[in-house]
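Enquirer: Dropping the structure in here first, questions after.
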Amino acid sequence: MQVEKIRIEQLRKQFVKKNKMVEAFHSISLQIKDGEFVSIVGPSGCGKTTLLRVIAGLELPTSGTMHIQHHDSNQPLNAMVFQEHSIFPWMTVRENIAYGLTMRKVPPSIKKSIVDHYLLKINMVNFAESYPHQLSGGMKQRVSVARAFANDPEILLMDEPFTALDEQNRLLIQQELLKIWEENQKTVVFITHSIEEAILLSDRIIMMSAHPGTLIAEYEIPFPRPRKIEEIRSSTFYKNMFNEIWMQLKEEVEKSRSMEGMLPI
Ligand SMILES: Nc1ncnc2c1ncn2[C@@H]1O[C@H](COP(=O)(O)OP(=O)(O)OP(=O)(O)O)[C@@H](O)[C@H]1O
């Protein structure tokens, strides 16, 4: 039996915006197993990023409880990968990937071997001494992913990390992420607007309702690993699953659109 890694019970978050109470999400209960890759999908404004920020400890919930099993207190609890601007512009690729390890004072020889390993995994050995302004958007995100895994956190939190990329770069980075994840099997909570991305990467997809968000559905993704994106995309099962998820998400997106203009900006 797999060990539980994250337990969330009746979580709710409210903000005060222009003297009005805005409920970002409510009644969220969720358990995520150790080593599980979970994606969260839902219409814009349903509270996905806020939920991730609460899991990361960057926001406090208004009510409810959350517990993350911290098995090894020598390891960082979490690492985050954002959509953009995730890496330090004044550091080289090597220094960026090494950042968490440097902070934890990992001995230089161990740090070097970890960073070399991830440079290979993201196909950026030749860019180790380059600075972010010399890289494409896709390369920057690859560095960001490598940095998060290199620091060996207990959980990884990724907020639409590939949304800003073109389709070709996106497909390549998804395949790289799959390879790195399949080797590490870290617990991942991944936010995306793309049903396709969620199916390709995840063990389970959680769907949130239109604002104020709550969990309304979940889907187990049974594709065996290691996964090959091309094989999955061409299967009938994938197409059926995509349609099933889209039919439900579409309803929430439509509800969300009909509420536009009703919330304080
Ligand atoms: N710091 C804040 N102060 C006030 N309201 C906030 C704050 N952060 C988020 N909200 C509100 O909470 C709700 C949920 O926002 P959130 O960004 O979590 O949604 P989302 O699902 O991640 O959206 P998107 O998919 O567009 O990124 C929105 O109504 C938003 O305006």
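Enquirer: Step through the table entries LYS5/LYS186; LYS186/LYS250; LYS48/LYS255; LYS5/LYS121, compare each Cα-Cα distance with 20 Å, and write down the pairs that go over it.
Expert: LYS186/LYS250; LYS5/LYS121
Enquirer: Give the long-range amide H neighbours of ALA217: residues separated by 5 or more places, or on another chain, with amide H under 5 Å away, using H modelled in the peptide plane at 1.01 Å from N.
Expert: The list, which skips near neighbours in sequence, is MET207.
Enquirer: Amide H of PHE190: which non-local residues (sequence gap of 5 or more, or other chain) have their own amide H closer than 5 Å, using H built in the peptide plane?
Expert: The answer is VAL38, SER39, ILE40, MET158.
Enquirer: If you find the alpha carbon centre of segment 101-116 and of segment 10-66, how far apart are they in angstrom?
Expert: Cα centroid to Cα centroid, the span is 34 Å.
Enquirer: Write down the percent of antiparallel bridges among all DSSP beta bridges whose residues are both part of the chain, to the nearest 5.
Expert: So the antiparallel bridges amount to about 55 percent of the total.
Enquirer: Length gain on complete extension for the stretch GLN168 to GLU254, per 0.36 nm per residue less the alpha carbon to alpha carbon distance?
Expert: 28.0 nm
Enquirer: Rounded to a whole number, what % of the accessible area of segment 1-151 do carbon and sulfur atoms account for, probe 1.4 Å?
Expert: That share works out to 54 percent.
Enquirer: Can you give the calculated 222 nm mean residue ellipticity of the chain, where each DSSP H run of n ≥ 4 adds -39,500 (n - 2.57) and the sum is split over every residue, rounded to the nearest 500 deg cm²/dmol?
Expert: -12000 deg cm²/dmol
Enquirer: If the only charges are +1 at each Lys and Arg Cβ and -1 at each Asp and Glu Cβ, what is the size of the charge dipole of the chain around the Cα centre, to the nearest 20 debye?
Expert: Dipole of the chain, to the nearest 20 debye: 560 debye.
Enquirer: In square angstrom, what is the accessible area per residue of the chain with a 1.4 angstrom probe?
Expert: Normalised by residue count, the accessible surface of the chain is 50 Å².
Enquirer: Follow-up. Taking the simple approach of a point 7 Å from Cα along Cα-to-Cβ for both ASN240 and LEU58, what is their distance in nm?
Expert: 3.9 nm
Enquirer: Could you tell me the center-to-center distance, by alpha carbons, between segment 203-224 and segment 67-88 in angstrom?
Expert: Between the Cα centre of segment 203-224 and that of segment 67-88, the gap is 22 Å.
Enquirer: 7 Å from Cα along Cα→Cβ at both ILE229 and MET21: what's the point-to-point distance in nm?
Expert: 4.4 nm
Enquirer: Radius of gyration and Dmax for segment 1-44's Cα atoms, expressed in Å?
Expert: Radius of gyration, then largest Cα-Cα span, for segment 1-44: 14.3, 48 Å.
The values are calculated or read from the model by the stated rules, or taken from the named source; none is laboratory data. Predicted model, so just to flag it, every value in this text is computed and none were measured. For neighbour counting, all protein chains shown are included, and Cβ atoms are generated from backbone atoms with ideal geometry for every residue, glycine included. When the accessible area is computed, the model is the full protein with side chains, heavy atoms only, and any ligands, DNA or RNA have been set aside. Shrake-Rupley method; radii C 1.70, N 1.55, O 1.52, S 1.80 Å.
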